[in-house]
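Enquirer: I have a structure I would like to understand better, so I am pasting it below and will then ask my questions one at a time.
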Amino acid sequence: MTRDRDPAGRPRNARPRDALGRPLARAQPATGQPGAGQDMVPDDLALAGPDLARLADQLLREGRPFHAHEVLEAAWKSGPPAERDLWQGLAQMAVGLTHARRGNARGAVALLRRGAQRVRAYRDQADPSAGPGPDHPYGIDIPAVLAASDDLAARIERDGLDAIRPADLTPPLMADTDTDP
């Protein structure tokens with residue numbers, strides 16, 4: 001079988017995938033049900049930083065880290081070079097969450113830590129005069145994201161995946177903006 005390719009010859013995967021990114025049979029419809037095909041992130045996704053961050057946050061909160069990874073990967077590959085570590089690190093964290101949901105503790109820990117390392121590199125090299133600051137680019141709560149990633153990796157390593165609550169595998173990217181009294 002030949003691999004799907006776009007008109008320019010770049011590899012693409014048109015097969016539907018489940019919520020965790022596992023390929024399904026080509027005839028499987030996208031219904032949103034567990035085990036059914038999920039809507040795919042377009043290969044040519046073109047969103048600006050804030051919109052992209054909000055979409056990735058929504059996907060993570062919905063328990064779709066594989067799809068969040070696809071969104072974050074689009075930013076990493078098309079964004080400014082100064083933001084490469086931010087987007088690549090967040091994409092790696094999303095892959096770590098995907099591994100955790102698939103039952104791969106070792107892969108989860110490795111990717112959560114590798115992603116956190118890249119996000120820290122971004123934060124440490126960011127120019128504080130260039131906007132909202134290195135801790136909250138595009139509304140992303142970097143300190144909270146790093147704390148959640150570090151904590152989850154340590155708990156998986158120490159206690160195994162069976163001890164992790166499903167809610168712990170849906171960490172938000174964005175700072176909560178709810179200010180209910």
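Residues checked against (1) among the basic types (K, R); (2) surrounded by 16 or more Cβ atoms within 10 Å (Cβ to Cβ):
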| position | (1), (2) |
| --- | --- |
| L97 | no, yes |
| R101 | yes, yes |
| R114 | yes, yes |
| V119 | no, yes |
| Q125 | no, no |
| G139 | no, no |
| L146 | no, yes |
| D151 | no, no |
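Enquirer: Restricting to segment 45-68, count the residues that are free of Cβ contacts under 8 Å to residues at least 60 places away in the same chain, under 27 Å from I156 (Cβ atoms) and not in a helix (DSSP H, G or I).
Expert: Residues meeting the conditions: 1.
Enquirer: Evaluate the following for G96: is it farther than 17 Å from A147 by Cβ and modelled with pLDDT of 95 or more? Lay out the reasoning, then the answer.
Expert: Values: farther than 17 Å from A147 by Cβ: no; modelled with pLDDT of 95 or more: yes.
The answer is no for G96.
Enquirer: With (1) more than 21 Å from D168 (Cα to Cα); (2) in contact with a Phe, Trp or Tyr (Cβ under 9 Å, 6 or more places away or on another chain); (3) not basic (K, R) as the list, and P80 as the residue in question, which single condition is left unmet?
Expert: P80 satisfies all of (1) more than 21 Å from D168 (Cα to Cα); (2) in contact with a Phe, Trp or Tyr (Cβ under 9 Å, 6 or more places away or on another chain); (3) not basic (K, R) except (2).
Enquirer: Something else about it: In segment 69-95, which residues are crowded, with 24+ Cβ neighbours inside 10 Å and in contact (Cβ under 8 Å) with a residue 40 or more places away in the chain?
Expert: H69, L86, L90, M93
Enquirer: Give the number of residues within segment 34-73 that are within 18 Å of Y138 (Cβ to Cβ), modelled with pLDDT under 85 and small (G, A, S). Spell out how you get there, then give the answer.
Expert: Start the filter on segment 34-73 by keeping residues that are within 18 Å of Y138 (Cβ to Cβ), which leaves 41, 45-61, 68-73.
Still in the list and also modelled with pLDDT under 85: 41, 45-49.
So of that shortlist, the ones also small (G, A, S) come out as 46, 48-49.
The total comes to 3.
Enquirer: Next question, about the same structure. Quick one: in segment 103-140, which of the residues that are charged (D, E, K, R) and at pLDDT below 95 is farthest from A167 (Cα to Cα)? Don't jump to the end; show me each part of the working.
Expert: Narrowing segment 103-140 to residues charged (D, E, K, R): 106, 113-114, 118, 120, 123-124, 127, 135.
Still in the list and also at pLDDT below 95: 123-124, 127, 135.
Numbers: R123: 26, D124: 29, D127: 34, D135: 24 Å.
Filtering segment 103-140 for residues that are charged (D, E, K, R) and at pLDDT below 95, the one farthest from A167 (Cα to Cα) comes out as D127.
The values are calculated or read from the model by the stated rules, or taken from the named source; none is laboratory data. Given the structure is predicted, the values throughout are model-derived calculations rather than measurements. Backbone-built Cβ (ideal geometry, glycine too); neighbour counts: all protein chains shown.
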